[in-house]
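Below is one structure; the comments refer to it alone.
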Ligand code: NDP
């Protein structure tokens with residue numbers, strides 16, 4: 001990518017893929033690694049976080065100006081010098097945004113796909129956002145959730161939120177879910193939640209005042225939603241702080257007014273990164289989630305964009321709420 005954006009990244013100015021790659025598929029040196037043809041690349045809000053001055057310490061290293069972005073994806077092995085992988089294997093790994101990639105220290109996970117899901121499902125519901133929802137829910141919400149509880153989920157039509165809403169519903173509790181358009185709200189309702197509303201038209205405060213108090217809040221957005229959840233939290237509520245997308249592209253952070261409720265309502269805040277929970281939950285996730293998805297027990301919606309050249313716009317769309325479902329780039333059909 002070409003420059004560190006201030007505010008929203010600008011497609012055309014902020015180059016995030018490599019269009020200049022030339023590669024000899026038969027002769028490219030692999031140095032004991034694998035050559036992979038990239039099929040699907042994930043587009044995620046956190047990629048904006050990595051567009052910062054590398055001298056500023058961060059939970060995830062900054063992208064390097066002048067190189068393609070990278071993210072999770074699925075590809076197919078073209079050649080292998082590593083006995084763990086063979087030609088034709090489909091693998092899940094972190095890839096730079098280009099058509100072919102040589103992975104030297106291959107940490108790629110081979111996907112057997114017994115369930116016959118689409119490859120894009122493995123970067124969404126069965127990939128990073130699925131793991132985030134599942135691992136975060138299992139670690140912080142599942143041990144606390146009780147009969148009669150009220151759960152509130154934000155960005156509930158999105159990659160993480162839609163899965164959280166379904167995991168919550170599977171616990172038999174009342175689920176309130178917000179999303180940014182009427183169409184998204186209809187979709188969220190179709191997932192079985194009890195109360196779904198468009199936060200751009202209806203005040204989150206008023207919904208929570210009527211439908212709360214909130215025992216478990218899953219935060220994907222921060223800002224006004226977090227504030228309303230604090231204001232209408234139940235005593236000893238659990239907050240799972242997954243993301244705060246409303247603040248990713250603004251200089252002036254939202255000033256949360258009800259933080260003092262942390263004390264009066266004895267609220268537990270659980271900020272987390274899904275990476276810290278992988279060793280505990282990923283094996284169980286890969287054993288169960290693809291099957292649950294194949295059976296239709298867990299539903300998902302995808303926002304698929306064709307062509308690497310549309311990656312920057314796809315990222316901007318996610319940051320502005322113009323995606324409807326898990327956003328991914330289809331780099332190649334196979
Ligand atoms: P989504 O697929 O939900 O896409 C992002 C959505 O966020 C948009 O569609 C939009 O939905 C909503 N949004 C965008 N801008 C705003 C805004 N200003 N205010 C409120 N909502 C906004 O993304 P993901 O499911 O991939 O990510 C959801 C959250 O989870 C993000 O905060 C992300 O950073 C976080 N995350 C955290 C991880 C972790 O390890 N902690 C790992 C992965 C993701 P709408 O139209 O409904 O507003």
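Could you list all residues from segment 134-158 that are within 12 Å of the ligand (Cβ to nearest atom) and either under 10 Å from residue 220 (Cβ atoms) or surrounded by fewer than 24 Cβ atoms within 10 Å (Cβ to Cβ) (or both)? Residues satisfying the conditions are 135, 139, 140, 153, 154, 155, 156, 158. Where helices (runs of 4 or more DSSP H) sit wholly within segment 159-217, those with at least 3 residues that are away from the ligand (no atom under 15 Å from the Cβ) occupy 204-211. Only one entry of 310, 322 meets the criterion of being in the same structural domain as residue 95 (by TED's automatic domain parsing), surrounded by 14 or more Cβ atoms within 10 Å (Cβ to Cβ) and away from the ligand (no atom under 14 Å from the Cβ), and that entry is 310.
The set of residues in segment 238-263 that are away from the ligand (no atom under 16 Å from the Cβ) and either within 22 Å of residue 202 (Cα to Cα) or under 24 Å from the mean Cα position of the chain (by Cα) (or both) comprises 257, 258.
Where strands (runs of 3 or more DSSP E) fall wholly inside segment 260-334, the ranges with 2 or more residues that are touching a helix residue (DSSP H, G or I) at 6+ places or on another chain (Cβ under 6 Å) are 302-306, 326-330.
The residue list 202, 193 contains one member that is surrounded by fewer than 21 Cβ atoms within 10 Å (Cβ to Cβ) and modelled with pLDDT of 95 or more, which is 202. The single condition among (1) under 23 Å from residue 48 (Cβ atoms); (2) touching a helix residue (DSSP H, G or I) at 6+ places or on another chain (Cβ under 9 Å); (3) crowded, with 19+ Cβ neighbours inside 10 Å that residue 224 does not meet is (3).
Would you confirm whether or not segment 32-40 contains a residue that is within 28 Å of the chain's Cα centre (by Cα) and loosely packed, with under 13 Cβ neighbours inside 10 Å? Within segment 32-40, none of the residues are within 28 Å of the chain's Cα centre (by Cα) and loosely packed, with under 13 Cβ neighbours inside 10 Å.
The values are calculated or read from the model by the stated rules, or taken from the named source; none is laboratory data. From a predicted model like this one, the values you see are computed outputs, not experimental measurements. Positions of Cβ are generated from backbone atoms using ideal geometry, with glycine treated the same way; all protein chains shown enter the neighbour counts.
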